[in-house]
Structure formats: C-alpha cells, structure tokens
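The values are calculated or read from the model by the stated rules, or taken from the named source; none is laboratory data. In this text, all values refer to a predicted model and were calculated from it rather than measured experimentally. Glycine gets a Cβ as well: all are built from the backbone with ideal geometry, and neighbour counts include every protein chain shown.
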Amino acid sequence: MHIYDSAAKTKRKFIEQNKGIVYLYVCGPTVYDDAHLGHAKSALTFDLLSRVLKAHNLHVVYARNITDIDDKIIQKAKQIGISIQELTDKFTTKYHKDMAHLGITPPDIEPKATQSVDAMTDMIGRLLDSGHAYKVRNGDIYFDTSSDKKYLSISHKIQDDSDKQNRIISSDEKKHNADFALWKHANKDEVGFDSIFGRGRPGWHLECSAMIEKHLVKDDAQKYAVDIHGGGADLLFPHHENEAAQTRCSTSHEIAAYWMHNGFVNINNQKMSKSLGNSFFIKDALKLYNGEVLRFYLLSTHYRSNFNFTEDDLLASKKRLDRIYRLKQRLFGLQENTMQTDFQIQLLKALSDDLNISLSMALIDEMISNVNDVMDSDKKNKQIKKEAVSNLTYIKTILGFGFQDPFEYFQAGAPKKIKEQILALITQREQAKKQKDYQNADKIREQIIALGANIMDTPKGTLWEYHG
Ligand SMILES: [Zn+2]
C-alpha cells in the first residue's frame, strides 16, 4: 500500500508501526450545526482508507473526535437559548444519522473534548514544566512556537517576518504572533472548567493531541503516536502543525508517521439547480437523493482533488451506480460466495495506490460489461455468475457500493404518499387481472406510469421502480 504523505509531499510505502495494527486518527466535527458536504467528504475518505487497510488484513483502530466545546458552540447555545450539552447532543446525533445514510462505518473510538479535559490539562502541565509554554498575566497559557525547532515541518509554511516585530508588547500578550492558546482563562460567569491553572477552557488544537495520547498510545517509547493522521486540507495549517508541536514537545514521540488530507468540496452555484440551491448540508441533499448515490458521487473524485459538486455530475454518477444494481438484480437469489478473482486483485491494487478511485471505478465498469456480455451470450454459464456474485460482495466490502436491496434501490426517491398510491394501484391492477378485466388493468398501469413509476410483471409478482 502506498499513500501520499502531505508532510513529506510525496507518495510513500505504508508500513505500520506495530505489525498488523494500524492506528488512524481523524479530526472530527465541531457539533453546533448540521453536517455539510465537506464533513461527508472527509468521513468518506477515511472510511474508504480504513476499508482498504482492512482488505490487507490489517487490524484498524480508528478514532475520530467530537469537538463539543468551542466559541461557536457557546454562542449558538446562547443564541437559541438551550444548554451547551443539549445543543451538542442534538447535532452529534444528527451527524451520526447523516454518516449512517452515507454508508459510513462508525469509528472505533469517538472521544469528546468535554470528556478529555484531564488529558489536556496534563499535557499543558508538561509543556509548562519543559518551557514550551508560558502563562500571561490574565491567566491564558500559550504554546511558545519559537521553542520547537521542528515547528512548520508538517505544513512547510514559511514563518512570517512580521512576527519578529511583534515580540512582547505587554506582559498579558503572547510573545510571538505564531504562538497559540493552550488554555483560555474564564470568569465565574463564563463557560469553563476548574483546573490547577484556574478556571478556563482548553484551546482547540490541544484536544486532538491529548485525545491521541489518552486513547491511542500504548507504549510511550514508540516513535509515533499514531500511524496515520487525517483530516481536511484546511486543517493542515495551523491545526495539524500545532497538534504536531504539542505532541513533540510534551512526549517522547512524533504525533503521526503519515499525514493524509482530503480536498475541499465546492458547489458550482451557477450550475446548481433550484432544488438543492446553495445548501452544503447533507440533510438537504438526502431529501433528494439516496445516501448511497451521494456516497458514490462524493467518492468518485480522488480524495486529494477539490470536489466540484453539481447536480448534473451527480445524476451522471448515479447511472454508474445503477449499473452495479442492475447486475445485482440480474444475479438476484444466487448464493453469496467468497471466491477470489483477478478482478478483486486488480481492484485492491488500484485502491492501494493512494486510493486510486478513477482506476477502481473503470475496473468495475469493465467487469460489469464483461459479465453482462457473457451472460447475454451464454445464459447457462454458472461460473461467470458465481464470479460476479463474489465480485459484487467484494465491491460492497471495500468500497461500500451496492449495500442495499436492488429492488428497493430503484424505488428510492419516491415520496411516501406516492409510494402508497403506487402500491395501492398495483394491488388494484392485480385484482383486475385476476378478474380478466384487462382494459382496466391497462388503465391502472397508465396511472402508475403517470406517478413516475415503471412496473414489470415477473414470476415474483409485480415489481416497480421510481423515476420521478
Ligand atoms: Zn485535530
């Protein structure tokens, strides 16, 4: 397996630190609003990574945090007049629901910032003791970036020259522009936690470093805290640079052996149709599209590229996913098997090359065409069917495509009322046919078509699909 390491700025062969086990940490959401497409892209990227690592028979320990204390959270809770916990519980639940709709496997560990304050104050104590942090007059504690020789080695940012001119202006200010808060003091009437440093709140960057130490580091002497650290490209600087500095200066290891960053999601406003508007929210996209269609579309562009979301592209992408489900329908009722095929070897090889999704999708397209061709010309070919069933299972496991019932998949998008009407009409039509009233049966069929559905008479009864 090779992955692009953002800190090394090159593709590197992946070797796990402890044989057979991969520790993966990804920065999760700040839960004060609904999850947007950027959250989806990040969660999908690392869901795919985790699946590919597992396909290499590696045991993956995946942690993704929940930031449930933050200025934005405090403001929003105040604004709508509910408690911080009510607000963060509500949006954590909504986040989990959205991710589940996208077929994303939950992480193994999901630490919350409010439950890790002890680990954060421990880390601040160590940084103060070793001279990497300092307290200013008002009680805030800052990380001294000038004390870390490797600062900026992750993001390769060039230190701003203006920094030099900004050194100590007064004793309650930070020493250097680049220094960042580890602890912000809080007054009695403000939200805060009691600690040995007085009442206050931890800085945001600190939470990931502290949680990684608390939940993922098994041996302090190891070279890296985790194998892979991931997140959106916007987090590379300053968030990840600061995380790396905190860990480096308060422990005997670096925070991560490999850094992975996913690209941004943009919405092309000009081309967005009226239906989705400018909404970045997953919940709005889910009102219009099946979660798996969104999953397939968002994963169809390489994770490091910036993603331009348009409904035209989404609909084109859905047609490719439809082909997987058409084949699933064609093979319906056949027994699952775990036969190994050349296709599976090729697919794993493509995904193991820094998650090469375009090659992977091309391989899937080709496999489906081949199977359909053979099945068209040689209906009795049991071998090809067996191989295809196994390939579909493999695709489902490694990419999370094709996890729904194929018949229900094609019914997705039908509003509840329309669905009820279609089902009622199908029953009426079956009765009409029983009574040999074919004229009425045809009329009912027209009514069903007018509702946006197609029907097929099969030995299993009447099947329907929704086209809108
Ligand atoms: Zn983080």
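Is it true that T92 is within 29 Å of E190 (Cβ to Cβ), more than 16 Å from the ligand (Cβ to nearest atom) and touching a residue at least 24 places away in the same chain (Cβ under 8 Å)? Spelling it out, T92 is indeed within 29 Å of E190 (Cβ to Cβ), more than 16 Å from the ligand (Cβ to nearest atom) and touching a residue at least 24 places away in the same chain (Cβ under 8 Å). With respect to I357, is the statement that it is not charged (D, E, K, R) and not assigned by TED's automatic domain parsing to the domain that holds E292 true? So I357 fails the test.
Restricting to segment 1-43, count the residues that are assigned to a loop (DSSP other than H, G, I, E, B), aliphatic (A, V, I, L, M) and more than 16 Å from the ligand (Cβ to nearest atom). Of the residues in segment 1-43, 4 are assigned to a loop (DSSP other than H, G, I, E, B), aliphatic (A, V, I, L, M) and more than 16 Å from the ligand (Cβ to nearest atom). Being within 13 Å of the ligand (Cβ to nearest atom) and outside any loop (DSSP other than H, G, I, E, B) is the filter here, so list the residues in segment 191-212 that pass it. Listed by number, the residues that qualify are P202, W204, H205, L206, E207, C208, S209, A210, M211, I212.
Cβ-Cβ contacts under 7 Å between residues 6 or more apart (or on different chains), taken from a first residue in segment 213-232 that is within 11 Å of I255 (Cα to Cα) and at pLDDT below 95 to a second residue that is within 13 Å of the ligand (Cβ to nearest atom) and of a type in the set (G, A, S), are absent.
Scanning segment 400-418 for residues that are over 30 Å from E336 (Cα atoms) and part of a helix (DSSP H, G or I) yields K416, K417, I418.
Table: residues versus (1) surrounded by 13 or more Cβ atoms within 10 Å (Cβ to Cβ); (2) of a type outside the set (K, R).
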{"position": "Q340", "(1), (2)": "no, yes"}
{"position": "D353", "(1), (2)": "yes, yes"}
{"position": "I368", "(1), (2)": "yes, yes"}
{"position": "K380", "(1), (2)": "no, no"}
{"position": "G413", "(1), (2)": "yes, yes"}
{"position": "T427", "(1), (2)": "no, yes"}
{"position": "A432", "(1), (2)": "yes, yes"}
{"position": "Y438", "(1), (2)": "no, yes"}
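Within segment 179-190, if we keep just the residues that are hydrophobic (A, V, I, L, M, F, W, C) and more than 16 Å from the ligand (Cβ to nearest atom), the residue that is surrounded by the fewest Cβ atoms within 10 Å (Cβ to Cβ) turns out to be A186.
This table checks each residue for (1) surrounded by fewer than 15 Cβ atoms within 10 Å (Cβ to Cβ); (2) modelled with pLDDT under 95; (3) outside the structural domain of V31 (by TED's automatic domain parsing).
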{"position": "S273", "(1), (2), (3)": "yes, yes, yes"}
{"position": "S279", "(1), (2), (3)": "no, yes, yes"}
{"position": "I282", "(1), (2), (3)": "no, yes, yes"}
{"position": "A285", "(1), (2), (3)": "no, yes, yes"}
{"position": "L294", "(1), (2), (3)": "no, no, yes"}
{"position": "L299", "(1), (2), (3)": "no, no, yes"}
{"position": "L315", "(1), (2), (3)": "yes, yes, yes"}
{"position": "F332", "(1), (2), (3)": "yes, yes, yes"}
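Beta carbons closer than 8 Å, at least 6 apart along the sequence or on distinct chains, pair a first residue in segment 187-208 that is more than 18 Å from A119 (Cβ to Cβ) and of a type in the set (S, T, N, Q) with a second that is more than 16 Å from the ligand (Cβ to nearest atom) and in a loop (DSSP other than H, G, I, E, B) for N187/R199.
In the set (1) closer than 16 Å to Q246 by Cα; (2) modelled with pLDDT under 95, D122 fails one condition alone, (2).
Return the pair list, or none, for Cβ contacts closer than 6 Å from residues in segment 287-303 that are closer than 11 Å to L44 by Cα to residues that are of a type in the set (K, R) and crowded, with 19+ Cβ neighbours inside 10 Å, at least 6 apart or on different chains. As it stands, the answer is L298/K41, since those pairs meet every condition given. You will find that of I80, I84, I74, the residue that is β-branched (V, I, T), assigned by TED's automatic domain parsing to the domain that holds V191, without any contact (Cβ under 8 Å) to a residue 40 or more places away in the chain and more than 27 Å from Q404 (Cα to Cα) is I80 and no other. Exactly one residue out of E336, E311, E387, E366 is more than 21 Å from D47 (Cβ to Cβ) and under 24 Å from the mean Cα position of the chain (by Cα): that is E311. Do we have I69 as assigned by TED's automatic domain parsing to the domain that holds E213 and either out of contact with any Ser or Thr (no Cβ under 6 Å at 6 or more places or on another chain) or without any contact (Cβ under 8 Å) to a residue 60 or more places away in the chain (or both) here? No: the conditions fail for I69.
In segment 140-160, how many are surrounded by 14 or more Cβ atoms within 10 Å (Cβ to Cβ) and charged (D, E, K, R)? So the count comes out to 4.
For segment 222-235, a residue qualifies if it is more than 11 Å from the ligand (Cβ to nearest atom) and either hydrophobic (A, V, I, L, M, F, W, C) or in contact with a strand residue (DSSP E or B) (Cβ under 6 Å, 6 or more places away or on another chain) (or both), and the qualifying residues are Y224, A225, V226, D227, I228, A233.
For segment 51-70, taking the residues that are away from the ligand (no atom under 16 Å from the Cβ) and either acidic (D, E) or touching an Asp or Glu at 6+ places or on another chain (Cβ under 9 Å) (or both), the one that is nearest to K218 (Cα to Cα) is identified as V61. When segment 16-32 is limited to residues that are surrounded by fewer than 16 Cβ atoms within 10 Å (Cβ to Cβ) and touching a residue at least 40 places away in the same chain (Cβ under 8 Å), the one that is nearest to K72 (Cα to Cα) turns out to be I21.
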